[in-house]
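What follows is one structure encoded as C-alpha cells, with my remarks underneath.
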Amino acid sequence: MPLSARSFGEKRIRQFRRQLLGWFSREQRRLPWRGESDPYYILVSEVMLQQTRVAVVKDRYPKFLRRFPSVERLARAREQTVLAAWSGLGYYRRARALQAAAKEIARLGRFPQTQAQLAELPGVGRYTASAVASIAFDEPVPVVDGNVQRVLRRLVKRELLNQECWQTAAELLDAGRPGDFNQAMMELGALVCLPTRPLCEECPVASACASRGPGERRKQSPRRKAVLNFALARRNGSVLLAQRPSSSSLMPLMWELPTLAAPPETGPTLKLRHSITTTDYDVFVFADRGRQVAGGRWLPLRSAERMALTGLARKILNRLELLPSPAG
C-alpha cells in the first residue's frame, strides 16, 4: 500500500527510513565532503552544489578550501581573490554571498548551530541552513532540494506544493540520523529517482512508492541562441582584458576579453560553444592588435589564474593554452 501524503503510519515510516538508510550506507558516492563534520566545510559544499554539477564541484571544492581553509580566512580575503577561486563554478553571486556569510560568522565569533540561526546569515536560505544544521549539528530538520522534491512527488503520486514537500519530508525524517537521512534522500534523487528515466527496479523504497516510471514531463521553455564575438589582443606575454561594470546583472566586476560589436572580415582564431543560464552561445574569438577599451587592462598571462575571470574568459584562454597550469 503506497504512502499517504498526510499520514504515513509509524510502521511504514520506520520501514522507509530503514530501507533508505541501509541503501545509503551501501551505495553512497565517495565525495570530498561526505563524512565531513566541520560546518564551514559543509557550508562551502552546499553553496557550491547549488546549480553546479557534482563532477565540477568535486574538482573545485578541495582547491577552494586549500585557498580558504577557515571561515576567518575567507572573511578576510579580497572579493576579487574569492571570485578568482570561484571561477568556473558559475553563478558568482553565490561566492559573494558565501563570503558575506563568512564575514558575519567571523563577526559573531562562533558558527551558528541551528537552522533558524543559520538562516539569518546573509545569502543563506532555508535549504542551505537546514543542510548545515542537520549534517553538522544533527538538528532534526528536513532538507528539500530539487531531487528531494521529485522523490516526494513520485512517492505520493501527486503535485505537492513547495511547503507540502517540506511538511512531507519532515514527517519522513529520521530524527536520530537527520544528516544521513537528508543526504540519502538527495542521493536517491540524484542516482535512482532520475528526472526522465527513473531506475525503479533499483529503488530501495519502491514498495512505498505510488509511482512507476517518469510520470508526466513538464514542458520546458526552449533555450535561446546568441552569438558572442571577442577580441584577443596580446603583447609581451600579456593579454588585454575588460572589466564588466558593477551594474551588470551577470558577473559584475569580473574580467573578460573585450567584446566586438561585429566580427572582422578575418576568420576567427577560435570557435566554441558556451551556455549561461537559459542561453546557448556560439563564441568567436578574433586576433586583435589591441584597442582602447573602457576599463581595459593589460594583464600578464602568468597572473591571470589569480584574476576574477569569467568562466568563459577562462575557457577561451585555456583552449588557446595561454593560462599556466593551476597548482593543486
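Points to keep in mind about this one:
- Simple Cβ-charge dipole of the range 102-178, Lys/Arg +1 and Asp/Glu -1, about Cα centre, in debye nearest 20: 220 debye
- Ordering L320, Q117, G189 by the projection of their Cα atoms onto the charge dipole of the chain, which places +1 on the Cβ of Lys and Arg and -1 on the Cβ of Asp and Glu, puts L320 at the extreme positive end.
- Selected from Q167, I276, S134, residue furthest toward positive end of dipole (the chain; charges at beta carbon): I276
- The lysines within cross-link reach of K271, meaning a Cα-to-Cα straight distance under 19 Å and a gap of 8 or more places when in the same chain, are K225, K315.
- DSSP assigns beta bridges within the range 224-319; of those with both partners inside it, close to 60 percent run antiparallel.
- Taking every DSSP helix (H) stretch of at least 4 residues in the chain, weighting each as -39,500 (n - 2.57) and dividing the sum by the residue count yields a mean residue ellipticity at 222 nm of -12500 deg cm²/dmol.
- About the centre of its Cα atoms, the chain shows a dipole size close to 700 debye [charges on the beta carbon of Lys, Arg (+1) and Asp, Glu (-1) only; nearest 20 debye].
- Think of each Lys and Arg Cβ as +1 and each Asp and Glu Cβ as -1; about the Cα centre, that makes the dipole of the range 224-319 roughly 220 debye.
- Diffusion coefficient, µm² s⁻¹, Stokes-Einstein with Kirkwood Rh over alpha-carbon pairs of the chain at 25 °C and 0.890 mPa s: 111 µm²/s
A short reminder: the numbers here are calculations on the coordinates, not readings from a lab. All values derive from a computational prediction rather than experimental measurement. Here Cβ is always computed from backbone atoms with ideal geometry, including for glycine, and neighbour counts include all displayed protein chains.
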